[in-house]
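Worksheet: the structure to be examined is printed underneath.
The values are calculated or read from the model by the stated rules, or taken from the named source; none is laboratory data. Worth saying up front: this structure is predicted, and the values here are computed from it rather than measured. All Cβ positions, even for glycine, are placed from backbone atoms using ideal geometry, and neighbour counts span all protein chains on display.
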Amino acid sequence: MTHIPYHNYFRTGRENRYKCRIREKEADNLSKPYLPLKPFSDPRNYGMALSVSRNTLAAGDPLLMAARSGCSFDGAASVFAVTCLDHLFNVSYPAGQVRYAGTELEPWFSLQIIMLNYLARADGTPLTYNFIPYRELDGGRVYYDAFHRTAIRPLIAAFGPEPELLPRAAAPFGGIPYSRGSGTGVLLFFLPRVPLLFQVWPGDEEFPPGGSILFDASANHYLHTEDLAAMDLVTRLLIKNLQSI
């Protein structure tokens, strides 16, 4: 679902229809909690990073952040509606509390931090749909070995033997089949303007299975490279869902 910035509706009669769309999305949300959720708990080691991200969010203009991030902002409730992997979350402003829409449940703290950083960093740069590997992101070579070990290698191990299962595992997260070369690929919108291209290709007698995770060339306009390294959590979600297929 594409969210239209809330302020575009202030002077029109379409505001109620927009709110109905959000309520429909919330109802759909409750039927498919594929992302791990839990009641409030102590952030522990994430406490400092979470505090910094919340303070940065609070310092920004919510309407500007909504317009630049492709999210919506409800001025009356003072919350952003943020879609992550086809699941709707509410982010309060200025407190920066992240909740699964329609509930009091939270996602992983790492995911909360990334959502907050996304809202604060987004600058509205158009997507290019020119996909690049992690090492071509700003400073990506520094983190690439770790990213390959935690995100790409497990992807290949899980889906390399049967690449055709990748689209099925990605479907609950809004995965869109995406053909590029000989591999089996899916396009996942981690956040409204952070598309990820997951690809796997089978091996043969000469070569082992392979795979990649690619990013839109505009990715650093929305998230820092270190935040993008956390996309290994998407790999973990895909593998977990594979087990239920």
So in the stretch 126-159, with the set limited to residues that are buried (at least 17 other Cβ atoms within 10 Å of the Cβ) and among the small types (Gly, Ala, Ser), which one is nearest to residue 204 (Cα to Cα)?
158
All positions within the stretch 160-178 that are touching a Pro at 6+ places or on another chain (Cβ under 8 Å) and buried (at least 16 other Cβ atoms within 10 Å of the Cβ)
160, 163, 167, 175
Selected residue [more than 17 Å from the chain's Cα centre (by Cα) and aromatic (Phe, Trp, Tyr)] from 189, 215, 159, 173:
159
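Yes/no per residue for (1) under 15 Å from residue 115 (Cα atoms); (2) not acidic (Asp, Glu):
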site	(1), (2)
178	no, yes
185	no, yes
206	no, no
219	yes, yes
228	yes, yes
How many residues, within the stretch 196-212, are modelled with pLDDT of 90 or more and assigned to a loop (DSSP other than H, G, I, E, B)?
2
Matching residues in the stretch 60-89 (in contact with a strand residue (DSSP E or B) (Cβ under 7 Å, 6 or more places away or on another chain) and either among the aliphatic types (A, V, I, L, M) or in the same structural domain as residue 237 (by TED's automatic domain parsing) (or both)) number 7
So which of 141, 153, 149, 99 ends up being in the same structural domain as residue 224 (by TED's automatic domain parsing) and over 19 Å from residue 226 (Cβ atoms)?
153
Collect the residues in the stretch 192-204 that are closer than 17 Å to residue 154 by Cβ and either in the same structural domain as residue 83 (by TED's automatic domain parsing) or over 14 Å from the mean Cα position of the chain (by Cα) (or both), keeping them in residue-number order.
199, 200, 201, 202, 203
When you look at residue 84, is it out of contact with any Ser or Thr (no Cβ under 8 Å at 6 or more places or on another chain), modelled with pLDDT of 95 or more and at negative phi, yes or no?
yes
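Matching residues to (1) of a type outside the set (Gly, Ala, Ser); (2) touching a strand residue (DSSP E or B) at 6+ places or on another chain (Cβ under 7 Å); (3) free of Cβ contacts under 8 Å to residues at least 60 places away in the same chain:
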position	(1), (2), (3)
198	yes, yes, yes
201	yes, yes, yes
207	yes, no, yes
216	yes, yes, no
220	yes, no, no
226	yes, no, no
234	yes, yes, no
237	yes, no, no
241	yes, no, no
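Just to be sure before I move on: is residue 182 of a type in the set (Ser, Thr, Tyr), modelled with pLDDT under 95, surrounded by fewer than 22 Cβ atoms within 10 Å (Cβ to Cβ) and on the phi < 0 side of the Ramachandran plot in the structure I sent?
Values: of a type in the set (Ser, Thr, Tyr): yes; modelled with pLDDT under 95: yes; surrounded by fewer than 22 Cβ atoms within 10 Å (Cβ to Cβ): yes; on the phi < 0 side of the Ramachandran plot: yes.
In short, yes.
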